[in-house]
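The values are calculated or read from the model by the stated rules, or taken from the named source; none is laboratory data. Keep in mind the model is a prediction, meaning the values are calculated, not measured. Methodologically, a virtual Cβ is constructed for each residue, glycine included, from the backbone with ideal geometry; neighbour enumeration extends over all protein chains shown. Areas reflect the complete protein model, heavy atoms only, side chains present, ligands, DNA and RNA absent. Shrake-Rupley method; radii C 1.70, N 1.55, O 1.52, S 1.80 Å.
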Amino acid sequence: MINQRLKILFVCAMNKQRSATAERIYRNDPRVEVRSAGVRVDANRRVSEADLRWADIVFAMEPDHKRRIARQFQEVDLPRIDVLEIPDEFEFMDPEIDRLLSERD
């Protein structure tokens, strides 16, 4: 039997700091495959229907990100979306993001 890795999509507003950091942290974790995206139109990499169909689970940084995904992709069979409650007050690769994610690992 093949062990399939969990596919995780991390989402924040702009895909510049929080979700990009989470993707970088878990990129080499053998248990998971990761992607990251943002919900805003001007995000570095905007969340797409393909991302949502690919993901087993989505981790949104804030409740608004979850609401935006649900509203924008109403016709898509969405994966589970959990809200991490990580506020937009960190820079890219801030060690505090790693600590907050580790508390949920």
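Below is a table of values for the structure above.
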item: Conditions (1) touching a strand residue (DSSP E or B) at 6+ places or on another chain (Cβ under 9 Å); (2) part of a helix (DSSP H, G or I); (3) without any contact (Cβ under 8 Å) to a residue 40 or more places away in the chain; (4) open to solvent by 100 Å² or more (accessible area, probe 1.4 Å); number of the one not met by Arg24; result: (3)
item: Single residue of the stretch 69-87 satisfying the filter (under 20 Å from Val34 (Cβ atoms) and not β-branched (Val, Ile, Thr)) that is surrounded by the most Cβ atoms within 10 Å (Cβ to Cβ); result: Leu84
item: Some residue of the stretch 44-54 being part of a loop (DSSP other than H, G, I, E, B) and crowded, with 16+ Cβ neighbours inside 10 Å; result: yes
item: Sole exception among (1) of a type in the set (Gly, Ala, Ser); (2) touching a residue at least 40 places away in the same chain (Cβ under 8 Å); (3) closer than 13 Å to Lys7 by Cβ for Ser36, by number; result: (2)
item: Residue list for the stretch 64-99, restricted to those being assigned to a helix (DSSP H, G or I), more than 21 Å from Leu52 (Cβ to Cβ) and touching a helix residue (DSSP H, G or I) at 6+ places or on another chain (Cβ under 8 Å); result: Ile97, Asp98
item: Any hit, the stretch 1-12, residues being touching a helix residue (DSSP H, G or I) at 6+ places or on another chain (Cβ under 6 Å), crowded, with 22+ Cβ neighbours inside 10 Å and aliphatic (A, V, I, L, M); result: yes
